[in-house]
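A short write-up of the structure that comes next.
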Amino acid sequence: MTETEKLLASCLSEIEKCDSLKKIEAIKNVIFGKNGKITQVMDKLRGLDQEDKRKLGAEINSVKNEITRQLNLKYSRLELKELNKKLGSEFVDVSAPARPRSFGKIHPLTKVSEEIADILSYYGFVCADGPDLENEYYNFTALNMPDHHPARTMHDTFYINTPSDEKGRHLLRTHTSPVQIHSMLANTPPYRFFSIGRVYRSDSDATHTPMFTQVEGIMVEKNVGFAHLKWLITNFLKKFFAAKDLSIRLRPSFFPFTEPSAEVDLNYEVKNGEMAFGRGDKWLEVCGCGVVHPNVLRYGNVDPEKYQGIAFGFGVERLTSLKYGVPDLREYFESGDRWKSTFGFHHVS
Ligand code: DAH
C-alpha cells in the first residue's frame, strides 16, 4: 500500500465510523486540520525532488477530492437519517380540534355611549367635549354655584393639589355640566350639544363608583321650554329602550343650574325576571333636567332675554344596567373577559 492509499483508507474509515451530523465537523478537523492527516502527508513533500513532488502532489489532490466527495455523501445521508428520525417522533395531528380564539369585545359602556350618541344626533345634537381635569369656575361657579354654595359640598369632589389660579382650585370634574359652559362660550346660539364622558366623586359602593360616566345635553334656542324638554326626554328613552309605550314621571327637583328643575323617573315592572317599561308600579330615577338658569346662560355669553335653554344629564352606567341588567356598577370597571362575554357585547365588524 502506498502512502496515499493508506491515507485514503484511514480517512475513509474515519468517515465510515461517523454516525451524527455533529461529529462531521470534528472529522473534517482530523483530516484537513492544522495537524490533520493530509497535512502530515503534505509535510513529506518537502524532502522530495521535483518529479516525485509532482507525482505525490497529484496523488494527494485526488485523495483530497475523493475524501471531500465521501464527506458530502455522508453528510447528506446523516441529514436524511436525522430528518426521518425527527419526522417519526414529532407528528402533527391534523384531526385535532382547533384552539378557541377569543375576539375583542366592545365594552358595554362604549356600546351604550354609541347608542346614546346616535339617538341624540338624530335629534340634531352635536357632540362636544370638555376636560376631565377642571377648575372650580367651570365645575361650580359658572353653573350658578358661587363660592360657599351648599351644593358644592354635596359633590364629594376630588381636589387636585396644585396652586389655585383665577379660576379657583383644580379638580376632577364631578359632572359633565361644565361642558355646557365650554360649548356655549365657543359658539353662537342657536345650538344643541351633547357630551359623554367620565366624572369623578369620592364615593364607592355597589351603586356608586368613584369614576362613572354621564351624558350631558344642552339646547339653546329661541322660545325653547319645558314642554320641549319633556318631549325630548320621553322620545330619547323610547328609542333607547326600543319601547313603544314608555311612561315617565317628572318630579320637581333642585339643581342650581336649572330653574325649574326636575328628575325623571321611568315606569317599569319586573315580570319573569325581565324588566318591562311603561307599566307597573315601580319607578326608577334616570335623569336630571331643567330649563337653563338665566345666570348660567350669562356665564355662557348668551343673552337670556333673547334665548332660552333646556338641559339634561343621564348616568350612562345606570342606563346600561337598566337595558342589559347589570346589577353592580363596579363590574363595569373590572371588565373581566368572562364578564364581558357573559353580557354578550360581541364586536361585529
Ligand atoms: N349635573 C347633574 C348631576 O351630576 C345632572 C344634571 C341635572 C345635568 C340637571 C343637567 C341638568 O344638565 O339640567 O347630578
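The values are calculated or read from the model by the stated rules, or taken from the named source; none is laboratory data. Bear in mind that the values here come from a model prediction, so they are computed numbers and not experimental data. Reconstructed Cβ throughout: ideal geometry from the backbone, glycine too, with neighbour counts over all protein chains shown. Please note that ligands, DNA and RNA were not included when accessible areas were found on the heavy atoms of the full protein model with its side chains. Shrake-Rupley method; radii C 1.70, N 1.55, O 1.52, S 1.80 Å.
Evaluate the following for Val291: is it assigned to a loop (DSSP other than H, G, I, E, B), of a type in the set (Val, Ile, Thr) and either modelled with pLDDT of 95 or more or touching a helix residue (DSSP H, G or I) at 6+ places or on another chain (Cβ under 9 Å) (or both)? Before you say what the answer is, go through the steps one by one.
On the way: assigned to a loop (DSSP other than H, G, I, E, B): no; of a type in the set (Val, Ile, Thr): yes; either modelled with pLDDT of 95 or more or touching a helix residue (DSSP H, G or I) at 6+ places or on another chain (Cβ under 9 Å) (or both): yes.
Taking the combined requirement at face value, the residue does not satisfy it.
Could you list all residues from region 169-224 that are surrounded by 19 or more Cβ atoms within 10 Å (Cβ to Cβ), of a type in the set (S, T, N, Q) and more than 11 Å from the ligand (Cβ to nearest atom)? Before you say what the answer is, go through the steps one by one.
Filtering region 169-224 down to residues surrounded by 19 or more Cβ atoms within 10 Å (Cβ to Cβ) leaves 171-184, 189, 191-197, 199-201, 209, 212-220, 224.
Within this subset, residues satisfying the condition of being of a type in the set (S, T, N, Q) are 174, 176-177, 180, 183, 195, 209, 213-214.
If the condition is that a residue be surrounded by 19 or more Cβ atoms within 10 Å (Cβ to Cβ), of a type in the set (S, T, N, Q) and more than 11 Å from the ligand (Cβ to nearest atom), then Ser183, Thr209, Thr213 are the ones that fit.
For region 1-18, enumerate the residues that are open to solvent by 80 Å² or more (accessible area, probe 1.4 Å) and more than 16 Å from Asn61 (Cα to Cα).
Result: Met1, Glu16, Lys17.
Determine, yes or no, whether Asn161 is away from the ligand (no atom under 16 Å from the Cβ) and in contact with a Gly (Cβ under 8 Å, 6 or more places away or on another chain).
Working: away from the ligand (no atom under 16 Å from the Cβ): yes; in contact with a Gly (Cβ under 8 Å, 6 or more places away or on another chain): no.
The answer is no for Asn161.
Listed here are the residues, each with its yes/no results for (1) closer than 22 Å to Ile116 by Cα; (2) at pLDDT 95 or above.
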{"residue": "Glu136", "(1), (2)": "no, yes"}
{"residue": "Arg152", "(1), (2)": "no, no"}
{"residue": "Thr157", "(1), (2)": "no, no"}
{"residue": "Asn161", "(1), (2)": "no, no"}
{"residue": "Ser183", "(1), (2)": "yes, yes"}
{"residue": "Asp205", "(1), (2)": "no, no"}
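Filter region 19-45 down to residues that are open to solvent by 90 Å² or more (accessible area, probe 1.4 Å), touching a residue at least 12 places away in the same chain (Cβ under 8 Å) and closer than 20 Å to Arg77 by Cα, then give me how many there are. If you could, list the steps in order and put the result at the bottom.
Filtering region 19-45 down to residues open to solvent by 90 Å² or more (accessible area, probe 1.4 Å) leaves 22-23, 25, 29, 34-35, 40, 44.
Within this subset, residues satisfying the condition of being touching a residue at least 12 places away in the same chain (Cβ under 8 Å) are 44.
Applying the additional criterion that residues be closer than 20 Å to Arg77 by Cα yields none.
So the count comes out to 0.
If Leu297 satisfies every condition in (1) within 11 Å of the ligand (Cβ to nearest atom); (2) open to solvent by less than 50 Å² (accessible area, probe 1.4 Å) but one, which is the exception?
(1)
Mind checking which residues of region 225-252 are in contact (Cβ under 8 Å) with a residue 40 or more places away in the chain, away from the ligand (no atom under 16 Å from the Cβ) and open to solvent by 60 Å² or more (accessible area, probe 1.4 Å)?
Result: Lys239, single match.
Within region 254-275, can you find the residues that are of a type in the set (S, T, N, Q) and either more than 8 Å from the ligand (Cβ to nearest atom) or open to solvent by 40 Å² or more (accessible area, probe 1.4 Å) (or both)?
As a first pass, look at region 254-275 and keep what is of a type in the set (S, T, N, Q): 258, 261, 267, 272.
Answer for region 254-275, where residues must be of a type in the set (S, T, N, Q) and either more than 8 Å from the ligand (Cβ to nearest atom) or open to solvent by 40 Å² or more (accessible area, probe 1.4 Å) (or both): Asn267, Asn272.
Take region 159-168 and flag every residue that is open to solvent by 70 Å² or more (accessible area, probe 1.4 Å) and under 23 Å from Thr209 (Cβ atoms).
Residues satisfying the conditions are Tyr159, Asn161.
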